[in-house]
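Data block below; observations after.
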């Protein structure tokens with residue numbers, strides 16, 4: 001079959017496009033590399049639109065198990081995305097949207113719909129032609145949406161996998177046909193086998209050769225390794241990959257991902273990229289970032305540390321425990337700890353272990369407890385026991401989404417004496433559903449409509465005056481002591497607080513600290529007679545940034561420090 005390609009002129013965009021690929025191993029650091037590049041270019045006064053391209057056929061990340069693909073990150077505009085979008089937002093200190101997230105599922109869904117609508121004018125629709133075109137269209141759309149000077153496209157997966165080859169093909173087409181400014185940065189891992197004791201470059205050489213075989217000659221190589229690349233390694237890589245030695249950037253392991261941009265900038269990466277694109281190298285504004293990294297180092301060197309337990313359901317994957325399933329929670333705790341000049345030691349605790357060994361044995365050594373989001377019945381009684389332990393032992397507690405719902409159940413059972421109180425998510429026949437499914441959600445589930453159907457994205461919330469919550473938001477400068485108490489937070493849930501029990505629970509001492517502006521949906525609960533016991537229906541971790549920690553995490557860490565000086 002011969003391809004009949006119609007000439008296509010380059011779009012009238014001034015945007016420069018940078019593709020980032022990874023090689024040798026997965027989780028090599030493409031997301032942090034992309035985030036760092038975006039932040040560095042932004043620090044020079046440019047507007048940047050990072051885009052994550054995932055190869056799976058899911059339309060979004062919402063139906064993927066956290067253990068399978070990590071955290072599901074939610075944007076203001078209701079998109080359930082890959083966790084890398086969260087990294088982009090944290091490094092850029094800005095909100096992104098669904099336009100910054102592309103999957104093969106989205107691409108094929110759109111192409112098929114266009115074919116059904118006769119938008120291809122009777123042409124045969126080809127994978128090798130129309131999928132890359134759709135990718136290019138999405139990248140151009142991301143550029144327009146942010147009026148971006150740069151689009152940085154992170155290609156998910158590893159070079160050599162057939163799943164992501166069409167994203168690399170889109171890179172090739174943009175470089176060849178449109179003659180626009182396009183660059184490719186490859187992130188490769190150089191192992192140092194313990195039995196040899198020498199950093200080996202051959203895996204990266206082969207990875208670059210696979211890229212070249214796909215029609216892409218990388219402009220820069222980011223050498224990920226335990227230690228920085230030496231000149232000998234750089235010379236070998238330059239000779240074998242056709243990448244100039246000065247464009248091979250060392251990316252050794254560091255004590256914090258927030259140090260990576262400074263490492264890149266010290267090696268001149270920002271200036272080299274701008275020079276290759278023929279763009280002016282504006283004044284570098286990294287003062288706040290350097291101050292952040294200095295604070296991180298200072299806190300890390302402190303002797304005293306505060307022990308924080310993160311009690312969840314999704315840590316286990318085979319014989320290993322992973323923190324990526326709650327990466328935004330982990331980062332939000334770090335942000336708040338640095339702002340409070342407090343060193344934290346986080347421990348991941350499975351709620352099933354709490355059920356097995358008891359809350360006292362698992363939690364007695366901790367200074368603060370966080371319960372993140374989750375779904376389903378597995379391990380819920382362990383979380384409820386965790387919450388009871390935090391409440392009765394006056395340990396600072398922060399509950400997020402499911403952590404709020406189960407805190408309501410714990411209070412109903414043990415304080416309001418509502419025997420067998422539960423959520424219909426766990427027990428559909430419970431007589432006391434203090435947490436129940438939202439009516440519109442019930443209809444969706446009956447029709448098996450799961451994808452992108454939860455209460456998602458940004459929703460307004462009004463905070464009650466005189467609460468721990470109000471104090472936290474005032475200190476975080478999200479609201480003032482006078483005036484509006486309205487905030488906006490991101491949601492991802494199907495179940496909610498049952499208002500039929502609201503009065504009874506309030507009479508027993510539960511404080512409704514935040515609701516929707518109409519007062520109908522409970523968004524935040526807390527306890528007045530506790531150092532810090534706050535739980536939100538929304539996910540505050542999604543809006544926490546290293547330069548702007550979230551108020552609820554700030555309040556939590558402040559209470560931890562105050563109680564354990």
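Quick note: the coordinates plus some simple rules give every number you see, no bench work behind them. Computed from a predicted structure; not experimentally measured. Here the Cβ positions follow ideal geometry from the backbone for every residue, glycine too, while neighbour counts run over all protein chains shown.
Any chance you could give the angle, 0 to 90 degrees and rounded to 10, that helix 104-116 forms with the longest Cα principal axis of the chain?
Taking Cα atoms only, the helix is inclined about 70 degrees.
Please give the length that would be gained between residue 360 and residue 172 if that part of the chain were fully extended, namely 0.36 nm times their separation in residues minus their C-alpha to C-alpha distance (nm, one decimal).
Stretched out fully, the residue 360 to residue 172 stretch lengthens by 61.8 nm.
Tell me, what is the Rg over Rh of the stretch 338-398, with Rh the Kirkwood radius over Cα pairs?
Values: Rg = 12.1 Å, Rh = 12.3 Å.
Result: Rg/Rh = 0.98.
If one takes the longest principal axis of the Cα atoms in the chain, at what angle in degrees, from 0 to 90 and to the nearest 10, does the Cα axis of helix 551-563 lie?
60 degrees
By counting other Cβ atoms within 10 Å of each Cβ, how are 46, 162, 473 ranked from fewest to most?
Ordered by Cβ neighbours within 10 Å, fewest first: 162, 46, 473.
At 7 Å along Cα-to-Cβ for each site, give me the label-to-label distance between residue 343 and residue 284 in nm.
Here the modelled spin labels are 2.9 nm apart.
What order do you get for 498-509, 348-359 when each peptide is scored by the mean count of other beta carbon atoms within 10 Å, highest first?
Per-residue mean Cβ counts within 10 Å order the peptides as 348-359, 498-509.
Is it possible to state the helix-based mean residue ellipticity at 222 nm for the chain, with each DSSP H run of 4+ residues giving -39500 (n - 2.57), the sum divided by total residues, to the nearest 500 deg cm²/dmol? What is it?
Mean residue ellipticity, 222 nm, calculated: -11000 deg cm²/dmol.
Normalised by the empirical 2.2 N^0.38 Å for globular proteins, what value does the Cα Rg of the stretch 142-268 take?
Computed over Cα atoms of the stretch 142-268, the ratio equals 1.13.
Residue 120 to residue 196: extension gain in nm, 0.36 nm per residue of separation minus the Cα-Cα distance?
21.7 nm
If I take R0 = 51 Å and measure r between the Cβ atoms of residue 460 and residue 271 in this structure, what FRET efficiency does the formula 1/(1 + (r/R0)^6) give, to the nearest 0.05?
The formula returns an efficiency of 0.75 here.
Taking a quarter of the surface of the Cα convex hull of the chain, what do you get in nm²?
28.8 nm²
Using the Kirkwood radius over Cα pairs, work out the Stokes-Einstein diffusion coefficient for the stretch 16-291 at 4 °C and 1.567 mPa s, in µm²/s as a whole number.
67 µm²/s
Hey, with R₀ at 41 Å, roughly what FRET efficiency would residue 548 and residue 518 work out to, going by the Cβ-Cβ distance, to 0.05? Display every interim value, and only then the final one.
Working: r = 28 Å, r/R0 = 0.69.
Working from the Cβ atoms, E equals 0.90.
State, as an integer percentage, the relative contact order of the chain based on alpha-carbon contacts under 8 Å between residues 6 or more apart.
Working: 1095 pairs, mean separation 82.4, N = 565.
About 15 percent, as a whole number.
With label points built 7 Å along Cα→Cβ from the Cα atoms of residue 499 and residue 58, find their separation and express it in nm.
3.4 nm
Quickly rank 415-428, 88-101 as a protection proxy: mean count of other C-beta atoms within 10 Å, highest first.
88-101, 415-428
Full-extension gain between residue 303 and residue 480, please, as 0.36 nm times their residue separation minus the C-alpha to C-alpha distance.
60.2 nm
What is the helix-to-structure angle for 380-392, meaning the angle in degrees between its Cα long axis and the longest Cα principal axis of the chain, kept from 0 to 90 and rounded to the nearest 10?
Once rounded, one gets 60 degrees.
Could you order peptides 283-294, 218-229 by the average number of other Cβ atoms within 10 Å of their residues, highest first?
218-229, 283-294
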